[in-house]
Amino acid sequence: MGTFPEYKAALTALVEEHKKLAQKTLLALYFESPPRCPDDVCLLEVVEGFGGGDVDPYREWFEVVYAAKEAFPNKPGHDLRLILTNPAELDSARAAAWRPWQELNKAIESKQYEVLHQEGSSWLEKLREQTAAA
C-alpha cells in the first residue's frame, strides 16, 4: 500500500499547522500514491475559499511537490505531494472526472487512504458517496 503509514505523525502535524491559517481546512487525508508517482506521499486538503473558491480551467488541482526537509522528514525518493482544492473545485472534478479526481477515487474505492482531519462529519461521507456515484 502506498499510503506510507510511517509518515502519519508528520502529516498530522503539517495539517495541524495548516489549520492555524486564515482559511478553514474542511478535510485533510492522505492516500495511496497514483501510478504517475508511486513512491510519493500524497496529502489532499480541501480548504474553504482556497484559490478564491474558483475552479481551475485546466482541470487540475493545485499541487506542490516537496523533497525531504527537516520539517517533513520523508525519505529520499519519497516526495510529499501537497494537493489543495476547494469544495466547488472538488465537486467539479468529480462531476467531470478530472484525472486528479480519478486518482483519489481509486484510492477511496480500494480503501487506501486515511483521514487526518475533517470539519464536521459530512465530508468523508460526501466523498464516499461521490466515489460510489462515479
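The values are calculated or read from the model by the stated rules, or taken from the named source; none is laboratory data. All values reported here derive from a predicted model rather than from experimental measurement. When we count neighbours, we look across all protein chains shown, and the Cβ atoms used for this are built from the backbone with ideal geometry, even at glycine.
Filter region 50-62 down to the residues that are surrounded by fewer than 14 Cβ atoms within 10 Å (Cβ to Cβ) and either of a type in the set (D, E, K, R) or at positive phi (or both) and list them by number.
Residues satisfying the conditions are 52, 53, 54.
Only residues that are buried (at least 19 other Cβ atoms within 10 Å of the Cβ) and farther than 27 Å from residue 20 by Cα: list them for region 75-104, please.
94, 98, 103
When you go through (1) over 25 Å from residue 129 (Cβ atoms); (2) surrounded by fewer than 16 Cβ atoms within 10 Å (Cβ to Cβ) one by one for residue 115, which number turns out not to apply?
Against the list (1) over 25 Å from residue 129 (Cβ atoms); (2) surrounded by fewer than 16 Cβ atoms within 10 Å (Cβ to Cβ), residue 115 comes up short only on (1).
Is there a residue being of a type in the set (Ser, Thr, Tyr), part of a loop (DSSP other than H, G, I, E, B) and modelled with pLDDT under 90 anywhere in region 19-33?
There is at least one residue in region 19-33 that is of a type in the set (Ser, Thr, Tyr), part of a loop (DSSP other than H, G, I, E, B) and modelled with pLDDT under 90.
Which one is surrounded by the fewest Cβ atoms within 10 Å (Cβ to Cβ), of the residues in region 21-41 that are under 11 Å from the mean Cα position of the chain (by Cα) and closer than 15 Å to residue 110 by Cα?
Per the stated criteria, the residue is 32.
Tell me, please, whether a residue that is of a type in the set (Lys, Arg) and in contact (Cβ under 8 Å) with a residue 12 or more places away in the chain can be found in region 107-122.
no
Between a residue in region 55-74 that is modelled with pLDDT under 85 and any residue that is of a type in the set (S, T, N, Q), which pairs come within a Cβ distance under 9 Å, given they are 6 or more apart or on different chains?
Listed by first residue and then by second, the contacts come to 67/74; 68/74.
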